[in-house]
Amino acid sequence: MLRETDPHIDALIEKEKQRQMNGLELIPSENLVSPAVLEAMGSVLTNKYSEGYPGKRYYGGNVFIDEIESIAIERAKKLFGVSHANVQPYSGSPANHAVCFALLNPGEKLMGMSISHGGHLTHGAAVNFSAKYYVSVPYATTQDGWLDYDLIESMAKKEKPKLIFCGATAYSRIIDFKRLSEIALSADAFLVADIAHIAGLIVGGVHPSPVGYADVTTTTTHKTLRGPRGAMILCNGNPSEPLKAAERSKENIPTLIDRAIFPGLQGGPHNHTTAGIAVALKEAATPAFAEYAKQIVRNAKALAGSLMDYGFDIVTGGTENHLMVLDLRGKNITGKEAETALDEVGITVNKNMIPFDPRKPFDPSGIRLGTPFLTTRGMKESEMKAVAEFIAKAIELRSDSAAKERIDADVRELCSNFIFYS
Ligand code: DSN
């Protein structure tokens, strides 16, 4: 159908499919959703408006949408062990925006991991709403890239932020949510855990959960959780009835969150995404998913180990989760050059700042790699060794076109042995 209506777009979709299938996707925030999630996303649910929440909509005709959203909510609550879940955020940034909107007045102070040390734009980066509408005091890592809990504690005491974000986009170590909750408690700040990167690992039991420690947990649904592009906000407590503007207290968090998403920031929820989230949450509750999460970490450790054997420096010296940041300064190549060199042989990564990077964000000193996508395709530790070899060769031989052709062919050959959509 699409082929007849819009052959140009159809052809580009097919090319992107081939690119994903024939190459090594190593961006740690990406994954390969199941055919069932894809089917839910491409369904008639995209046709429907449903501002509001199940049972309280501003449009008629929502009987089935209510059921779908309620199922997604119940699955999220059960999987993450919380009593309240909002599954409507359009994506991770709007979810974090909503949490700030819910818990802070403009001009109040928040603290989050500096983006140049592995944090996220929405945790208080200077160019983002989170630093423009609030006062942001970002925390750095240690010189070698570890979360510096003593520094966070002393900053929290001194700065007295109203909200502390924890969670990262480029951090390869286990996060100590208990310690962070103690810090937040002593500073009388809300603790918000953004688990977008590690949600699937938490569900699979290979990373501790912030639930019970953080006042609010946000997550995207499309990274290690392997659902559609969307997000959720999780917390404990129950919204007050009827929903009304409430004081910014811990007891009122569920109400504040729901009101911040709608009508505060968003309009109609993306119902096709909600259905996709429901399907992904069902999949994530299976033993097969727990095994998948374990394999993601085993693969990341194997990839990091092999890359170190090839002389690559890894920030913090290794990984305990799904990702790693390579510090390329010892390899005489910048992150941008490495991203391009790898792209040319079908290996997709993203350039990334390293802690205390002397270079700029658009041409930093590092690259970030992760294993969720390749693990979904069925790759294991032995393939990670081959992937490390391809990366090492592609960087070393980047000026040798014959070598690049050979590596590209080897990458395709490896990929052809692993699952993709039929
Ligand atoms: N852009 C995401 C990532 O790649 O980690 C974070 O939002």
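The values are calculated or read from the model by the stated rules, or taken from the named source; none is laboratory data. This is a predicted model, so every value here is computed, not measured. When we count neighbours, we look across all protein chains shown, and the Cβ atoms used for this are built from the backbone with ideal geometry, even at glycine.
Quick notes on this one:
- Between ALA409, ALA402, ALA386, the distinction of being away from the ligand (no atom under 16 Å from the Cβ) and touching a helix residue (DSSP H, G or I) at 6+ places or on another chain (Cβ under 9 Å) belongs to ALA386 only.
- Pair list, Cβ under 7 Å, 6 or more apart: the stretch 110-124 residue polar (S, T, N, Q), other residue within 14 Å of the ligand (Cβ to nearest atom): SER116/MET353; THR122/SER93; THR122/ASN96; THR122/HIS97; THR122/ASN128; THR122/SER130
- Residue list for the stretch 374-419, restricted to those being at pLDDT 95 or above and not in a helix (DSSP H, G or I): ARG377, GLY378, MET379, LYS380, LEU397, ARG398, SER399, ASP400, SER416, ASN417, PHE418
- Subset of the stretch 129-154 [buried (at least 19 other Cβ atoms within 10 Å of the Cβ) and not aliphatic (A, V, I, L, M)]: SER130, TYR134, SER136, PRO138, TYR139, THR141, GLY145
- Residue that is nearest to GLY52 (Cα to Cα), among those in the stretch 87-114 that are aliphatic (A, V, I, L, M) and in contact with a Gly (Cβ under 8 Å, 6 or more places away or on another chain): VAL87
- Yes/no for ALA189 being within 16 Å of the ligand (Cβ to nearest atom) and out of contact with any helix residue (DSSP H, G or I) (no Cβ under 6 Å at 6 or more places or on another chain): no
- Selection status of SER93, surrounded by fewer than 18 Cβ atoms within 10 Å (Cβ to Cβ) and of a type outside the set (A, V, I, L, M): no
- Of ALA288, ALA300, ALA293, all but one fail to be free of Cβ contacts under 8 Å to residues at least 24 places away in the same chain and either touching a Pro at 6+ places or on another chain (Cβ under 9 Å) or under 21 Å from GLU381 (Cβ atoms) (or both); the exception is ALA288.
- On inspection, ILE202 qualifies as surrounded by 21 or more Cβ atoms within 10 Å (Cβ to Cβ), within 15 Å of LEU79 (Cβ to Cβ) and either more than 15 Å from the ligand (Cβ to nearest atom) or modelled with pLDDT of 95 or more (or both).
- Condition met for PRO269 (away from the ligand (no atom under 16 Å from the Cβ), surrounded by fewer than 22 Cβ atoms within 10 Å (Cβ to Cβ), modelled with pLDDT of 95 or more and not charged (D, E, K, R)): no
- Failed condition for CYS100, given (1) surrounded by fewer than 20 Cβ atoms within 10 Å (Cβ to Cβ); (2) modelled with pLDDT of 95 or more: (1)
- Identification of strands (runs of 3 or more DSSP E) wholly contained in the stretch 314-373 with 1 or more residues that are within 14 Å of LEU303 (Cα to Cα) yields 323-327, 366-370.
- Just so you know, in the stretch 340-358 the residues that are surrounded by fewer than 17 Cβ atoms within 10 Å (Cβ to Cβ) and farther than 19 Å from ALA386 by Cα include one that is farthest from the ligand (Cβ to nearest atom), and it is PRO358.
- Restricting the stretch 208-227 to residues that are surrounded by fewer than 24 Cβ atoms within 10 Å (Cβ to Cβ) and of a type outside the set (Phe, Trp, Tyr), the residue that is farthest from the ligand (Cβ to nearest atom): GLY212
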